1. Rounded if a/c is under 1.5, else prolate if a/b beats b/c, else oblate: with a ≥ b ≥ c from the C-alpha gyration tensor eigenvalues square-rooted, which is the range B:3-95?
2. Counting partner chain Cβ atoms within 10 Å of every residue's Cβ in A:101-109, what's the average?
3. Leaving out ligands and nucleic acids, note down the accessible area per residue over chain B with a 1.4 angstrom probe, in whole Å².
4. Give me the dipole magnitude in Debye, nearest 20, for the protein assembly as shown about the Cα centre, with unit charges on the beta carbon: positive for Lys and Arg, negative for Asp and Glu.
5. Cβ neighbours within 10 Å, averaged per peptide: list A:92-105, A:69-82, A:39-52 in order, most packed at the top.
6. Considering only the other residues whose Cβ falls under 13 Å of the Cβ of B:R12, what net charge follows from Lys and Arg at +1 and Asp and Glu at -1?
7. Just want to confirm a number: the relative contact order over the range B:3-95, from Cα pairs under 8 angstrom separated by 6+ residues, in percent.
8. What ³J(HN,Hα) values, in whole Hz, does the Karplus curve 6.51 cos²θ - 1.76 cosθ + 1.60 give for the range B:49-62 when θ = phi - 60°, with x put for Gly and Pro?
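The values are calculated or read from the model by the stated rules, or taken from the named source; none is laboratory data. All figures in this text were calculated on a predicted structure; none of them were measured in a lab. Every residue, glycine among them, receives a Cβ derived from its backbone with ideal geometry; neighbour counts consider all protein chains shown. SASA here: full protein model, heavy atoms, side chains in, ligands and nucleic acids out. Shrake-Rupley method; radii C 1.70, N 1.55, O 1.52, S 1.80 Å.
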Amino acid sequence: GAGVSQSPSNKVTEKGKDVELRCDPISGHTALYWYRQSLGQGLEFLIYFQGNSAPDKSGLPSDRFSAERTGGSVSTLTIQRTQQEDSAVYLCASSLLGGGSSPLHFGNGTRLTVT
Amino acid sequence: EDQVTQSPEALRLQEGESSSLNCSYTVSGLRGLFWYRQDPGKGPEFLFTLYSAGEEKEKERLKATLTKKESFLHITAPKPEDSATYLCAVQAARGHSGAGSYQLTFGKGTKLSVIP
């Protein structure tokens, strides 16, 4: 079946511009996660959505980052006024059950480069 | 704070040369330890979940084991297609500062290259 789909796969933007990253989770998966993978670093948790509950935004690095999930499905991660340190691969994952009860299935990520 | 350290950072093996990857962790109550495989330009692909010390799981040439302080990923008679970065992650029973236990803490990975 279809896996987690992310778009765009690559994004180059100028410092100070806003960007939107999109994630389509696996159909029927209730939980959705965003992680960031920087060169030479482990994956860093950003945000978690579960059903209609309030999202856990504790991993967002600054108030320039925001995310929403519409209709319990598609999610968008927005970065405002991008900085060079925002350059990384942004990974979205979904899981069948929430609360960490089932494995995460990752998309192939969006590689963001801020020039 | 939960921590995961993977070693070695990189490993080159000849085809058929068995070896092990290490994942050392500190966590305030382990709920689960996960192994993922990541190919270049792709997202991590789930391999195993281990829940308690002494548990083992196998898949083809891979076997994952767990103790109270570390996990090993044993690779038996590897093939070139096993070349990838292997990631380890832990899930705490309760995150620090009340953070959700659904958050995974990842290591930096071991890049495995299997030479024909």
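1. On the way: a/c = 1.95, a/b = 1.64, b/c = 1.20.
It is prolate, given that a/c is not under 1.5 and a/b is the larger ratio.
2. Values: counts 5, 2, 8, 8, 4, 7, 3, 5, 5.
If you average over the peptide's residues, the count of other-chain Cβ atoms is 5.
3. Working: 5810 Å² over 116 residues.
I get 50 Å² per residue for this part.
4. Numbers: 24 positive and 24 negative charges, 28 e Å.
Here the size comes out at about 140 debye.
5. Numbers: A:92-105: 20.0, A:69-82: 15.6, A:39-52: 17.4.
Highest to lowest by the protection proxy: A:92-105, A:39-52, A:69-82.
6. Cβ neighbours under 13 Å give a net charge of -3.
7. Working: 188 pairs, mean separation 34.9, N = 93.
About 38 percent, as a whole number.
8. 10, 10, 10, 9, 4, x, 6, 9, 9, 10, 8, 6, 8, 10
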